[in-house]
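The structure under discussion appears below in the form of structure tokens.
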Amino acid sequence: MIDIINKIDSFFIFNSNFGPREGDELKRILYFYPGQVNSDIQKTQVGLCEAVVKFMTTFSSAPCEALQTQSKRYIFYQPERNFWMVLVICIPYATKLPGDIKDAVEPAIMYDFMISSYKMFRMFMGLFREILPEDTYAICEKFFTPYISSRNIRNDLSNVIQGINYLPLEKNTFFKVICFIDLLEVNYPDFKCISFLYNDQLIWNGLCKDDMLTLYQYLIHNLLPKQVEKEIQGGAVTAAERHGRFISPPEGIHSEDDLKKIIKVYLIREDDNEAKAYYLVIYRTLSATVSFTVDENTNLDLSTFRSLDTFIGPKLSTIASSIGEQCTMHALVNAQITPTDHKFLYFNKLNLALKTSMPSNSLNPSTAVSPEVLNIIAEVHNDHKSLGKYGEIIIKTPDEYWITGKSSNDREFYVVMQKNANLKEIADEVKRICEMQMKGIFFYPM
């Protein structure tokens with residue numbers, strides 16, 4: 001488990017225009033973590049980063065990305081004009097203590113963490129520039145502190161690359177899903193379906209891919225684990241007897257007051273040209289979760305939600321049962337396959353599809369791969385020169401891990417094995433795995 005909190009020395013957001021005069025340095029700091037750090041230290045750190053950013057503009061028009069000192073690494077990200085996010089992590093190599101190098105976190109993983117935090121903020125709070133300056137400080141504190149505290153990266157291949165786990169269905173079941181969505185949108189034109197999940201696997205998507213990834217991460221990391229825990233404890237028995245329930249807000253929608261608790265998000269739907277504000281409505285039956293958006297200017301009526309509940313519940317329950325039967329049959333087939341000592345990861349940049357050899361159920365987490373291996377894969381994935389458009393790389397670690405990466409047509413395929421073998425044996429084994437697992441999906445030139 002990579003503990004995000006213990007890896008972060010500090011994390012802050014600043015805008016130099018918020019405090020242009022001398023003596024107003026603290027006004028420039030929109031957010032600083034940890035909050036108990038002395039204000040003078042905050043000003044010193046932010047001042048250093050302001051100087052670095054300004055100095056780098058002398059040499060390049062591209063924004064500054066990183067600064068490394070003897071003991072720390074500063075990772076920069078400019079999400080909007082004049083707004084800077086900086087993540088500071090300690091460099092264990094400088095301590096020269098045994099075991100520290102293995103505990104180091106690849107900067108690319110932390111950089112992805114910082115970008116993900118902004119995208120989540122933008123989805124639920126809006127753009128920085130559209131928030132009143134006097135409100136920005138409280139909003140950032142309300143969002144980022146719990147976000148950082150709740151984030152851990154499991155030692156799992158599915159956490160190395162930010163992607164979406166899709167669920168392939170046989171055509172008849174998939175057509176049932178499509179018909180359900182079309183029928184719902186015809187009967188309730190104000191409700192636009194943007195996602196259909198079964199457990200933590202996506203079946204239907206109605207958003208641009210970046211927004212879908214952010215919503216997907218919110219569902220599988222924040223909302224659904226709490227709902228599954230509630231279901232296991234029996235907290236949703238009554239709702240289950242009604243064939244479904246609204247889970248956003250978490251207590252459901254039973255009164256006019258509950259309508260006021262429906263969260264607002266900023267998304268780009270398939271028919272949008274830019275991000276717009278919508279109400280986010282989420283409904284769950286058995287293991288199926290459906291998300292809808294409603295225009296923020298629409299008058300939310302309790303009778304409409306009661307009618308929607310009656311309409312969705314039985315139909316979605318039937319579809320969820322059908323999908324569950326198919327997943328059970330697939331699981332039985334997989335159980336008969338002889339276990340292997342290798343693990344693989346496939347990623348498609350075009351649709352962010354992610355597939356791994358292990359059951360990557362985020363609702364029931366497990367650990368499987370050492371942090372050192374995760375760091376190597378993350379480094380190869382983020383270093384575009386390592387693989388190129390068509391390429392292959394094989395790496396051996398001191399503890400006998402073999403890591404192979406292949407790239408073809410914006411698709412990446414990684415295999416991890418821990419065995420005593422030579423380079424040719426590893427290359428042949430990877431080719432066999434690629435042909436067996438990715439036949440018809442991953443094409444690698446001869």
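The values are calculated or read from the model by the stated rules, or taken from the named source; none is laboratory data. A quick note: this is a predicted structure, and the numbers were derived from the prediction, not measured. Neighbour counts are summed over all protein chains in view; Cβ atoms, including those assigned to glycine, are modelled from backbone coordinates with ideal geometry. Note: areas computed on protein heavy atoms with side chains; ligands, DNA, RNA excluded. Shrake-Rupley method; radii C 1.70, N 1.55, O 1.52, S 1.80 Å.
Observations on the structure shown:
- Matching strands (runs of 3 or more DSSP E) fully within the range 175-288 where at least 1 residues are in contact with an Asp or Glu (Cβ under 7 Å, 6 or more places away or on another chain), closer than 29 Å to Ile161 by Cβ and hydroxyl-bearing (Ser, Thr, Tyr): 276-285
So that you can scan it fast, the table gives a plain yes or no per residue for (1) modelled with pLDDT of 85 or more; (2) of a type in the set (S, T, N, Q); (3) outside any helix (DSSP H, G or I):
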position	(1), (2), (3)
Tyr74	yes, no, yes
Ile115	yes, no, no
Arg122	yes, no, no
Thr136	yes, yes, no
Phe143	yes, no, no
Pro146	yes, no, no
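- Condition met for Leu300 (at pLDDT 75 or above, in a helix (DSSP H, G or I) and of a type outside the set (Ser, Thr, Tyr)): no
- One residue stands out among those in the range 376-401 that are in contact with a Leu (Cβ under 7 Å, 6 or more places away or on another chain) and in a strand (DSSP E or B): the one that is farthest from Ala427 (Cα to Cα), which is Ile393.
- If you check Asp210, Asp190, Asp156 for being at pLDDT below 85 and either touching a strand residue (DSSP E or B) at 6+ places or on another chain (Cβ under 7 Å) or closer than 20 Å to Tyr346 by Cα (or both), only one passes: Asp156.
- Evaluation of Tyr33 against (1) over 24 Å from the mean Cα position of the chain (by Cα); (2) open to solvent by less than 60 Å² (accessible area, probe 1.4 Å) (one fails), failing number: (1)
- Pairs where the first residue, in the range 398-418, is at positive phi and surrounded by fewer than 20 Cβ atoms within 10 Å (Cβ to Cβ) and the second is assigned to a strand (DSSP E or B) and not acidic (Asp, Glu), C-beta under 7 Å, 6+ apart: Glu400/Gln418; Asp410/Asn348
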